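So the structure is just underneath, and the comments pick up after that.
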Amino acid sequence: MGTKRSTDEEIDVNSDAVDEVVCLSDDGNPTTPMQADGSETTAAVETRGTPKKGMTFDSMEALEKFYSSYGKACGFGVIRVGAKKDGNTNVKRWQYWHWECGPGMSSNQVVKEGDPKGAEVQPCKRRRKSKKCGCEAGIAGYMNKDGLWEIHKMELTHKNHVPTPSKSRFIPSYRDVPKFVLRVAKDLMDAGVKQSQIYHTLANQMNGFENLPFLLKDMHNVVGKERSKEFDKTNCRAMFEYFAKLKEANEDFFFSWRVDQANKFMDVVWVDARSRVAYMDFCDVVCFDATYITNHYELPFANFVGVNHHGQTILLGCALVRNKDTETYKWVMREWLECMGGVQPGGIITDQSVPMAKAIEQVLPDSKHRLCVWHILSKVPRKLLAVKKVGEVHKKMKDVVYDSLSIEEFECRWIELIRSFNLEGNEWLNSLWEERSCWVPFYVKDTFWAG
């Protein structure tokens, strides 16, 4: 089968109203000042005061909004960490809010103490990054007999850290891209202006980056989502009409696509006739990469690439996907595998992606999976940015990875490297150690990788 169907108000960015909005009551008197995103300013929180035991609110949401505004003014985030419901009515009657900080460091040790050569290795269990530390700052509220939410317990003193009000803009729960910024950004991008230039322009209009309620990556993500929504029926029709012409010219051309429940485009896979023929001869090794996002609609572009007998790369398939999750990758690989007659590659190389690894395990169980060592080593400067001698670490890590002549030598040299730079608590390096059999050259030398 060749074809399958599986009334915002305008805001002047030069106006001072963007920074602060003065709310008027019914009688025309000013009430609590609010920021443009709806949260209270620092002055407003100071006027209302800090949270106090016994304060009441009309609803749990009102209490949470008050504490979040207080947290934003003080420089810390707020998250829900526990709740209790009435056993009879199933109505929530108790809620606890905790402060939110940056990722914690793992205390896992790579090497057992007392082993001078580092030959005995203790596996490290991967832990999820934690956003909580030993600080117990937070409040607890409950629904009283009058149906109001009342602050019952609280701890306002922060331990092990000092909240900084100026850094509230870096906390995810307080970052938001206003709709007027989205409109301006899209119009300027259509005119050929880079997002970084747009971000700097907005910062200048707001008198500094610290006055922007979002980061550059937030604007990039929001614009990308809006761009992907623009890939409507007209664009899909043009693409599939082109694919139909290719299919008419050569019946071996393959394409498959699917839509969601709302009949909106999700993903598409296509493979030309030459790629299908080449795969039958060069199916030993395939590289699957989904790191390209260069199209106008910000849809990730994935491709299957192989190597021929001249050492040249050959394209074996392409895909445009809406999401980069396990379910999407499973669908892409199943369609591509069907196109290739069900012949699984001998080995497949990917980036360090958990969803991709899960999809390969389920769809291509007979293929040897390897992580791309080049991608991993290229991440070192970014992942170890806080390390003082990151350049030296990068250089020595390359030597350890490429110049080790045995598994034992690699493990000993890796352990020595980690110890010499005091990197035992680095979660990313610990994850590389756990997955060493999937990317270190000496571990995968028994499989043909075409270079």
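Just one of the listed residues (M154, M206, M219) is in contact with a Pro (Cβ under 6 Å, 6 or more places away or on another chain) and farther than 30 Å from L315 by Cβ, namely M154. Name the residues in the range 206-225 that are in a helix (DSSP H, G or I) and surrounded by fewer than 15 Cβ atoms within 10 Å (Cβ to Cβ), would you? The answer is F209, E210, N211, K217, N221, K225. Output the residues belonging to the range 149-178 that are assigned to a loop (DSSP other than H, G, I, E, B) and surrounded by fewer than 13 Cβ atoms within 10 Å (Cβ to Cβ). Passing the criteria: T157, K159, N160, V162, T164.
Only residues that are more than 17 Å from F170 (Cβ to Cβ), of a type in the set (A, V, I, L, M) and in contact with an Asp or Glu (Cβ under 8 Å, 6 or more places away or on another chain) were counted across the range 192-226, and they come to 1.
Exactly one residue out of S406, S378 is among the small types (G, A, S), under 22 Å from the mean Cα position of the chain (by Cα) and either surrounded by fewer than 18 Cβ atoms within 10 Å (Cβ to Cβ) or more than 17 Å from S437 (Cα to Cα) (or both), and it is S378. Residue selection: E411 satisfies the criterion of being more than 20 Å from D289 (Cα to Cα) and in contact with a strand residue (DSSP E or B) (Cβ under 7 Å, 6 or more places away or on another chain).
Each residue in the range 353-377 was checked for being touching a Pro at 6+ places or on another chain (Cβ under 8 Å) and either part of a loop (DSSP other than H, G, I, E, B) or of a type in the set (K, R) (or both), and 2 of them qualify.
Considered as a group, the residues in the range 416-450 that are surrounded by fewer than 15 Cβ atoms within 10 Å (Cβ to Cβ) and outside any helix (DSSP H, G or I) include one that is modelled with the highest pLDDT, and that residue is N422. Being crowded, with 19+ Cβ neighbours inside 10 Å and either touching a Leu at 6+ places or on another chain (Cβ under 9 Å) or not assigned by TED's automatic domain parsing to the domain that holds R274 (or both) is the requirement here; does L316 meet it? Answer is no for this residue. Say whether the condition of being touching a strand residue (DSSP E or B) at 6+ places or on another chain (Cβ under 7 Å), under 23 Å from V268 (Cβ atoms) and not acidic (D, E) is met by at least one residue in the range 333-344. Within the range 333-344 (the criterion being touching a strand residue (DSSP E or B) at 6+ places or on another chain (Cβ under 7 Å), under 23 Å from V268 (Cβ atoms) and not acidic (D, E)), the answer is yes, since at least one residue qualifies.
Per the conditions (1) more than 27 Å from F448 (Cα to Cα); (2) among the polar types (S, T, N, Q); (3) out of contact with any Cys (no Cβ under 9 Å at 6 or more places or on another chain), the sole criterion not satisfied by S256 is (3). Count of the range 326-352 residues, restricted to those that are buried (at least 20 other Cβ atoms within 10 Å of the Cβ) and in a loop (DSSP other than H, G, I, E, B), is 2.
In the set (1) among the acidic types (D, E); (2) assigned to a loop (DSSP other than H, G, I, E, B); (3) not assigned by TED's automatic domain parsing to the domain that holds K53, D146 fails one condition alone, (3). Being of a type in the set (D, E, K, R), in contact with a helix residue (DSSP H, G or I) (Cβ under 7 Å, 6 or more places away or on another chain) and at pLDDT 90 or above is a property that R413 has.
The values are calculated or read from the model by the stated rules, or taken from the named source; none is laboratory data. Keep in mind that what you see is a predicted model, and the values were worked out from it rather than measured. We place every Cβ from the backbone using ideal geometry, glycine too, and count neighbours over all the protein chains shown.
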